[in-house]
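Everything on this sheet refers to the single structure shown next.
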Amino acid sequence: MGDLLRRDALAISDAWRASLDLDARVAAALADLDVGPVDVVALGKAARAMASAAAAHLGGRVRRRLVVSTPDPRHLDPTVLVGEHPVPGPASLTAGRAVRDFLDAGRPSGTTLWLVSGGASSLAVLPEAPLTLEDLAALWVAGLAAGVEITTLNRLRAATSGLAGGLALTHVRTPASRALVMVDTPAAHPRWVASGLTYPYRPRATDLEAVIARFALAGELAERVRAAGAARRARSHRVRTVHRNLVIATPRDLRAPTVAAARVRGYTPTVVPVMTGDVGLAARDWATRLTRLATCSTPQALIGVGELTVTLTGTGRGGRAQEFAWTLARHLADLERPVVVVARATDGQDHLPGVAGAWSDARTWARAREAGWDPETLRARHDTSAGLRALDQLIAGAPTGWNLCDLYLAVLGPPTR
């Protein structure tokens, strides 16, 4: 039963990939684009796939192209700029300057086409002075320590950037501008993808102070954030192009194909609300839901999408999906039903290269102890990847061409008695 449940869980959690057609969605979003030359700016984890889909539709109309994305060893394209993620680095700063310069030279084309997906906030940066690249890294660390959600981090980025929060649009020189946005923040407005790269945002000083407090910033770093925010507010926000944002995919698109795949395999699906907040709280919530579902007489599937938060207190290695699978495993032994949990990143990378996520079951923590690991210690120091790798419970990953946050699934087999 365990092997069958695991095969079912892995297949159900990956079914969405065969159901979603990126090429068709991009083509539909560009069907009414005026005839004429187009400049393409693609940024984010899905930038390569989105740029490829746009090129297939536009053909020779693409006059210039700039693509910024994460490394992909399968596609070593020297024309693609690779920035650092999730913490911006020197290549991210180079990419941010390249985006600005590319836009400033865009007059001869008719339209600037933006292809925007999650991850762009780190991959291409242009911090407003006096903030430095080192400060951006410090803000990332402060956010992890405070357990802030990605939307809050992106608000801070938008308020202190020379590109984000719509300032990139002030550099567009073409008469028209259009952005196709792939959303990876299920609980937030699409405007916070890529820190609002193509959504105008002019925060008040009080808005910035609220974010500073959420990050628990103090001292010189807090003062530089305030100064950067003030400098950004003083900038010209004049946009000289006619711009339009179109959302082409959201995390909710994961639900229908996952529900359908569960039904095909004989499971009764239950969809939970959007998953946000602390990973430990989410795991306890799922344990409660699974306990209730365990009273049903038929196989069950619990399905969720979202982006959980890990508040770091150790020096281990892992990712949101791995952390959830490992933490929930602590509660699975109490269920009187066979169960398998899968948590995976839809972009194919759960923080660590080559790892898309993980699975766990009622025996995971017991097997860890038998192998000489203390599962609670691994959880406490956020070293879940070590335990999962030792138990062969990691899910191999590679870039999928999508970035729609994380998918969570639990399947309950029939009662054992």
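Bear in mind that the values in this text are calculations on the coordinates, not laboratory data. No experiment lies behind these values; they were computed from the predicted model shown. We place every Cβ from the backbone using ideal geometry, glycine too, and count neighbours over all the protein chains shown.
Is any residue of the stretch 374-410 close enough, with backbone N under 13 Å, to a label point placed 7 angstrom from the Cα of R252 along the Cα-Cβ axis, and if so, which?
Output list for this probe position: empty.
log₁₀ I(q)/I(0) of the stretch 279-417 at q = 0.14, 0.20 Å⁻¹, via Debye over equal Cα point scatterers, no solvent, to two decimals?
Taking Cα atoms of the stretch 279-417 as identical point scatterers yields -0.59, -1.17.
Give the residue list of trypsin sites (Lys or Arg not before Pro) in the stretch 12-96 that are DSSP loop and have at most 15 other beta-carbon atoms within 10 angstrom.
Counting only loop positions with at most 15 other Cβ atoms within 10 Å, the trypsin sites (Lys or Arg not before Pro) in the stretch 12-96 are R74.
Enter the mean projected area of the convex hull around the alpha-carbon atoms of the stretch 73-170, in nm², rounded to one decimal. Display every interim value, and only then the final one.
Working: hull surface 29.4 nm².
For the Cα atoms of the stretch 73-170, the hull's average projected area reads 7.4 nm².
Would you mind checking the radius of gyration and Dmax of the stretch 200-258 based on alpha-carbon positions, in Å?
17.7, 49
Starting at 0 and stepping by 10 Å, how many percent of the alpha carbon pairs of the chain end up in each bin?
The percentages, shortest bin first, are 5, 22, 30, 24, 14, 5, 1, 0.
Among the DSSP beta bridges whose two residues both lie in the chain, what percent are antiparallel, rounded to the nearest 5?
Values: 23 of 57 bridges.
Restricted to the chain, the bridges split so that about 40 percent are antiparallel.
Cα axis of helix 2-13 to longest principal axis of the chain: angle in degrees, 0 to 90, nearest 10?
Tilt relative to the chain: about 20 degrees.
Where both partners of a DSSP beta bridge lie in the stretch 33-249, what percent of those bridges are antiparallel, to the nearest 5?
Rounded to the nearest five, the antiparallel share is 5 percent.
Go ahead and set up a Gaussian network model of the chain, Cα springs under 10 Å, then flag whichever of D77, D14, D32 fluctuates most.
In the Gaussian network model the winner is D32.
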